[in-house]
Each structure stands twice: as structure tokens, then as C-alpha cells.
């Protein structure tokens, strides 16, 4: 078992992070740190382990510059080091379930046939059941779990981030070629290093008191 970080380190890094408004375009995330952050995205937990999303990593400056007017004019997509678009699956199909069953068998051993009970449950829920009827909304929730995991992981590495819902998802989809691929943009996140002049870096965090947010039963 890896040695866990200390509680002080965890809270210190979470206090350090903020939604970075101005990134330093000259500062880039190292290849090793970015590989770790991509690993964190892949390791994100999801409902049933189905991973109904894709993470579109954009490093090309020209592409990111084109995203600025599609992001309410905000400069974070262009000025950050790496920009991630979180796309959620539009609907779940039996083919998706079968592909997942095959992955389980190849990863853990055994046969696809041994997953028959699990497949039946998934089909009754995420394909033909309640979650199947709201498949994109359900997948969006999973994508936001990944976003939260990404924000915390970046903070622990000393990488700044800015989650962005202030975007035009439909225009993002068009620009990224998502129509017809079964996924739609739901949120994005800029990652890099804060600019020296970002006034938001020194502002105190505004949080309601613990006795309002935490309920112990």
C-alpha cells in the first residue's frame, strides 16, 4: 500500500487551489505531471465502472484560440497549458455493454459468459431502464465526477485549474467534430500555472461555515 499524504498536505493544497482566471501562457505542465493527470482521469470512478465519457485534451494553440469566442470570451482556453473538454455519451447501447463485458473478462480473467448476470442488470438499467431514459444526463454526472477528481489531483501536483461551464457546448461539439460520434460536450477545464497578476489568487475562499454544510447523524 502506498504511503498516504498527510491531512495537512491535503487541506493545504485544497486551500491553495482556486478557479484560475489568468494563466501564464509561457508556463507549461511537464510531460510527467500531465501523464499523471491523464492517469487520474482514467482512474476516475464511475457508475458500474462503465466510463460513459471521453476526455478531449487540446494542446494546439490555434485550436484553443478558436475556443475563446465559444467560451464567453474567456482567455483561459488559450492561455493555459492544457485544455480538457469533458464529453458525455449520448445514449447507452447493448454494444456498449458488450464491449465493457469483454474488457472485464480480458482484464480480470474469466469469460464474457461469466458476466451474464452483470450484463442483464446493466441492460435493465442503463440501456432499457431509468438511467437508459436519461442516458446523457446520467453520463454527465459521471463526467463531473471525473472533473472533480481532476481538480483535486491537479492541486496535489501544484497545477492550477479552472473548471468552465461558461462555454457553448453545441459550438464546441461542431468544432471538435463530435456530432455523429455519440458524445456531447458538457464541461471543460483549463490547466496550467497562474499568472503573476491574477488578483483572484490572493482572495480568501468564501465558504459557508462547517455547521451549515456538514450534517452529522
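Taken together, the values in this text are just the output of simple stated rules run on the coordinates, not laboratory data. This structure is a prediction, so every number in the text was calculated from the model and none was measured. FYI the Cβ positions are ideal-geometry reconstructions off the backbone, even for glycines, and counts take in every protein chain you see.
Could you tell me whether the range 90-208 comes out rounded, prolate or oblate from its Cα gyration tensor? Rule is a ≥ b ≥ c as square roots of the eigenvalues, rounded for a/c under 1.5, then prolate if a/b exceeds b/c, otherwise oblate. Before the final figure, lay out each step's value.
Working: a/c = 2.59, a/b = 1.94, b/c = 1.33.
Cα axes put the range 90-208 in the prolate bin.
Points 7 angstrom from Cα along the Cβ direction at residue 16 and residue 207: gap in nanometres?
1.6 nm
For the chain, report the translational diffusion coefficient in µm²/s to the nearest whole number, using Stokes-Einstein at 25 °C, 0.890 mPa s, and a Kirkwood Rh over Cα pairs. Intermediate values should be presented prior to the final figure.
Working: Rh = 19.2 Å.
Taking Rh from Cα pairs, D becomes 128 µm²/s.
Order of 19-25, 38-44, 204-210, 192-198 by packing, highest average Cβ count within 10 Å first? Can you show the working numbers first?
Numbers: 19-25: 18.7, 38-44: 14.4, 204-210: 7.0, 192-198: 16.0.
Listed from highest to lowest mean packing, they are 19-25, 192-198, 38-44, 204-210.
What whole-number value in cubic angstrom gives the convex hull volume per residue for the C-alpha atoms of the range 38-167? Write down the numbers at each step before the final one.
Numbers: hull volume 15.2 nm³, N = 130.
Convex hull of Cα atoms, per residue: 117 Å³.
Sorted from fewest to most neighbouring beta carbons within 10 Å, what does the list 8, 96 look like?
Values: 8 8, 96 19.
Sorted ascending by nearby Cβ count, the order is 8, 96.
Quick one: order 145, 58 by neighbouring beta-carbon count within 10 Å, fewest to most. List each step's numbers first, then the result.
Values: 145 14, 58 19.
Least crowded to most crowded, the residues run 145, 58.
Would you compute, from DSSP H runs of 4+ residues alone, the mean residue ellipticity of the chain at 222 nm, taking -39500 (n - 2.57) per run and dividing by the full residue count, rounded to the nearest 500? Let's see the in-between values first.
On the way: 10 runs with 93 residues, N = 217.
It lands at -12500 deg cm²/dmol.
For the peptides 102-111, 180-189, what is the packing order when you average, over each peptide's residues, the other Cβ atoms within 10 Å and list the highest mean first?
On the way: 102-111: 11.4, 180-189: 19.5.
Sorting 102-111, 180-189 by mean packing, highest first, produces 180-189, 102-111.
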